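Trainee: Okay, handing you the structure first.
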């Protein structure tokens, strides 16, 4: 049975809907649909935190289709 994955943000208990991955070499954050499996170097985010995602100055955000 699949268990519900929660948002990685501290104190957030909402269901995760997206996965965030950082590509440090390219100064890029990639936000896409929830990954099939939880990965140790990725962050699962709820819809609220995914929508409000910000990155450091000079970084690029790639938002893949979340539908």
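Trainee: Neighbour counts of other C-beta atoms within 10 Å: give me 37, 22 arranged from fewest to most.
Mentor: 37, 22
Trainee: Continuing with this model, one more query. Assuming R0 = 30 Å, can you tell me the calculated FRET efficiency for the pair residue 57 and residue 6, based on Cβ-Cβ distance, to the nearest 0.05?
Mentor: FRET efficiency, residue 57 to residue 6: 0.55.
Trainee: Additional query: For Rg and Dmax of the Cα atoms in Å, one of [x] 11.8, 42; [y] 11.0, 34; [z] 16.6, 50 was computed from the structure I shared and the rest are decoys. Which label?
Mentor: Identified label for the calculated read-out: [x].
Trainee: Could you give the length gained on full extension between residue 39 and residue 64, defined as 0.36 nm per residue of separation minus the Cα-Cα distance, in nm?
Mentor: Result for the pair: 7.2 nm of gain on full extension.
Trainee: Something else about it: Modelled label-to-label distance, residue 26 and residue 13, 7 Å Cα→beta-carbon offset: nm?
Mentor: According to this spin-label approximation, the distance is 3.8 nm.
None of the figures in this text is laboratory data; all of them are computed from the coordinates on show. Remember, predicted model here, so these are calculated numbers, not experimental data. Please note: Cβ atoms are built from the backbone with ideal geometry, for glycine as well, and neighbour counts cover all protein chains shown.
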